[in-house]
């Protein structure tokens, strides 16, 4: 099966 | 003070329609250059980045930076009351507690004015770095929308495979599977019908069909969509505005 990835790892909070 | 007049309300109508099902609360950041929004959906899978540059307005002025915290559903209710062909002016004071929206029909015999209460929205602002992509596809937005809709009937996932001069959209479901392949194509008379594929490395990524079907609500905004992809990285789906853009960053699915 596949799992939905999240954006958190890709963009840093300013 | 913010005063921005759209020649036609249709642009903002389409923008809000494209965003409202993905994000509920948004800060609209108004500066002298225009209005920008960055908002992430509750599941933190889809990031929306909107820029309506001053050039998209017939008249635009914003003396000081203003943040308008807006509830999208409420904004949409008001926006829907205006006709697409009306002129629409957005007005806000320097420290506003409301956004005023004024719709004027072109014959100037009808003026409708609404006031929308603002909200204090505490939102993370994410830093979007310039990303490197291995594949860029420009294609008719309506065709992309049809593929996303069609493939969603089969599966909750849509696989995008790019090799050389073709893009394959693949869907594997419980009761069957389906795929659509499109190839590079130049229509000299109707350039908006063209498909352009720029590839540095082959791509094989899977996305949630639900999110793609939210993204394609932007289709009325632009005749073409630009899709930028890179392995194990969020994809970028971009719709150009007359001056500005509506972008969606979508995290891919990955195999367990």
Quick one, can you get me the convex hull of the C-alpha atoms of the protein assembly as shown expressed as volume per residue in Å³? 138 Å³
Counting other beta carbons within 10 Å of each Cβ, put B:126, B:88 in order, fewest first. B:126, B:88
Considering only B:136, B:181, B:37, give the residue with the highest GNM mean-square fluctuation for chain B, with springs between Cα atoms whenever their separation is below 10 Å. B:181
What number in nm² do you get for segment B:112-256 if you take the convex hull of its Cα atoms and divide its surface by four? 12.6 nm²
Springs between alpha-carbon pairs under 10 angstrom, Gaussian network model over chain B: which of B:187, B:109, B:41 fluctuates most? B:109
Using only the Cα atoms, what convex hull volume per residue in Å³ does segment B:124-189 have? 155 Å³
Return the calculated 222 nm mean residue ellipticity for chain B, to the nearest 500 deg cm²/dmol, obtained by summing -39500 (n - 2.57) across DSSP H runs with n ≥ 4 and dividing by the residue count. -4500 deg cm²/dmol
Ratio to report: Rg/Rh of segment B:70-117, with Cα atoms as the point set and Rh obtained by the Kirkwood method; give two decimals. 0.99
Degrees separating the helix B:10-19 axis from the principal Cα axis of chain B, which is the longest one: 60 degrees
Translational diffusion coefficient (Stokes-Einstein; Kirkwood radius from C-alpha pairs) of segment B:93-160 at 4 °C, 1.567 mPa s, in µm²/s: 71 µm²/s
Note down the Stokes-Einstein diffusion coefficient of segment B:1-108 in µm²/s, whole number, using a Kirkwood radius over alpha carbon pairs, 25 °C, and 0.890 mPa s. 174 µm²/s
Rounded to the nearest angstrom and ordered from largest down, what semi-axes does the equivalent ellipsoid of segment B:191-256 get from its C-alpha gyration tensor (root of 5λ)? 22, 15, 10
Cα convex hull volume per residue for segment B:45-139, in Å³, equals 183 Å³
Checking a compactness column here: for chain B, what do you get for Rg(Cα) / (2.2 N^0.38 Å), N being the number of residues? 1.08
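Values in this text are rule-based calculations from the coordinates and carry no lab data. Not measured: the values here are computed from a predicted model. So basically every Cβ, Gly included, is an ideal-geometry build from the backbone, and we count neighbours across all protein chains shown.
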